[in-house]
Amino acid sequence: MKKKFKKKRIFMIALCLFFTVLVSGCTINSNQPENNQVLSPELVANETIQQVMSENTKPVVSSKDYSPEYDEQTKQELIEKAKDEIVRIFPNVDSSTLEGNWEDRYSKYSYVGINGPPVIVFYNVDDTSEKFLETQKIRWKGLEQNIQNNIVTIKVSPVSGDIVFYGPQSRVPPKKEEIRAVSLNEAEERALEFIREVKGNDFVEENMDEFSLYKADTDSTIGDGLSVLLYYKMYQDVPCLNDQIYVHYDLIEDRVFRYWDELKEPELMKDLMTLSAVPTIPLGKAKKILEDKLKESYPDEELNIQYYSENDHENSLNWYDLNEFVYSNNPEPIRLIWYLSFNDNEMRRLDARMTTTAIINAHTGEIISLLFRDLRIS
């Protein structure tokens, strides 16, 4: 009922303005053609509807609404809780190496003038297990002087209390003869259990249906002994470009090698999701917009553009939820985009897998971002 009422109200506003224009006979000077042609009533009504709809979709929230203030005592208490959480999740951590640093902005979101969420960072944490040392001995062929401990960086959100990043400072590549202890499917199961351990059973049971999974066995292609599990959030059945959980799983050591929780405040995201998930510009037209731009920039070349998809983000609809937009003090609605991954003759000659990207606004057709040779749109 509310939606019907809103549409009716928009129509009535437009209709009133339409009759006002007819009665007054006024013209709009800022857009008036040189021959003083009066704008048609249909155009005036249509522009009014668009303006009202735009105002109705404009978010009236900011990330500040979801960022609590912390005094120094509270910060220290949260740092101590973060230490306990790290030891719970990573029992091999040497607790004496846990020294928390409070950062008012998550380093991932540290852009000028942007208020992102705070984070507690632990640098130079020793998370060395017996299994890790055994693996190092194999890779260094027993040369004790080359064997180093597993030194990692860990980040914890003081808002949720969850670990949002875990990653080592370095890694020695595995040897081909090392035994892969788990398969890709087993890595997927273990990654989900790790997420359950970090974020809680309720999160997995109540929220994971809203995620889409991309997984890849990178060990089979580059021999790194790792697999990639990428869980990205869906809104109205369209994935977000950055709202995701990323897990690098070690197939040899049977453990999480790197973990990255990039999920944003869900209520903030919902407040910014005010645009339609149905594109005005179809995929074929978005590709034509790109190709026309490339022909205009390189008119004397036969580029032979080809599109390449490795995951569900590429050559598909996405929400353009870059952190600098979401965590702006005055955010716009999150835009619906076509994320195009492509290459040309020259790129394929150098490397068949080489690609670059273009981002097209799926409602307006605007080229938001394009990286191709010396052509840079951002």
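Rank Ile360, Ile289 by accessible area, highest first, at a 1.4 Å probe radius?
Correct descending sequence by accessible area is Ile289, Ile360.
For a quick check: with amide H placed at 1.01 Å from N, whose amide H comes under 5 Å from Leu241's, ignoring anything fewer than 5 positions away on the same chain?
Those qualifying (amide H under 5 Å, at least 5 residues apart or on another chain) are Trp319, Asp321.
Within the stretch 248-281, what residues put their amide N at less than 20 Å from the label point 7 Å along the Cα-to-Cβ vector of Ile151?
Flagged as within label range: 257-259.
Can you give me the accessible area per residue for the stretch 207-338, using a 1.4 Å probe, in Å²?
With the other protein chains kept in place, the stretch 207-338 gives 44 Å² per residue.
Work out, step by step, the length gained on full extension between Tyr298 and Ile377: first 0.36 nm times the residue separation, then minus their alpha carbon distance; give nm to one decimal.
Extra length from Tyr298 to Ile377 when fully extended: 26.9 nm.
What are the ³J(HN,Hα) couplings of the stretch 98-103, residue after residue, when phi is run through the Karplus curve with 6.51, -1.76, 1.60 and θ = phi - 60°? Round to Hz, x for glycine and proline.
Here the 3J(HN,Hα) series is 8, 10, x, 10, 7, 10 Hz.
Using a 1.4 Å probe on the protein heavy atoms, what percent of the accessible area of the stretch 295-356 belongs to carbon and sulfur?
C and S atoms contribute 43 percent here.
At 1.4 Å probe size, with no ligands or nucleic acids counted, give the accessible surface of Lys137 in Å², nearest ten.
100 Å²
For a protection proxy built on the mean count of beta-carbon atoms within 10 angstrom, sort 192-202, 234-244 highest first, please.
Highest-to-lowest ranking by the protection proxy: 234-244, 192-202.
Would you mind calculating the relative contact order of the stretch 73-203 from Cα pairs under 8 angstrom and at least 6 residues apart, reporting the percent as a whole number?
20 percent
The values are calculated or read from the model by the stated rules, or taken from the named source; none is laboratory data. The shown structure was predicted, so the numbers you read here are calculated from the model rather than taken from an experiment. Cβ sites come from the backbone with ideal geometry, for glycine too, and all protein chains shown count toward neighbours. To get the accessible areas, we keep the full protein, side chains included, count just its heavy atoms, and leave off ligands, DNA and RNA. Shrake-Rupley method; radii C 1.70, N 1.55, O 1.52, S 1.80 Å.
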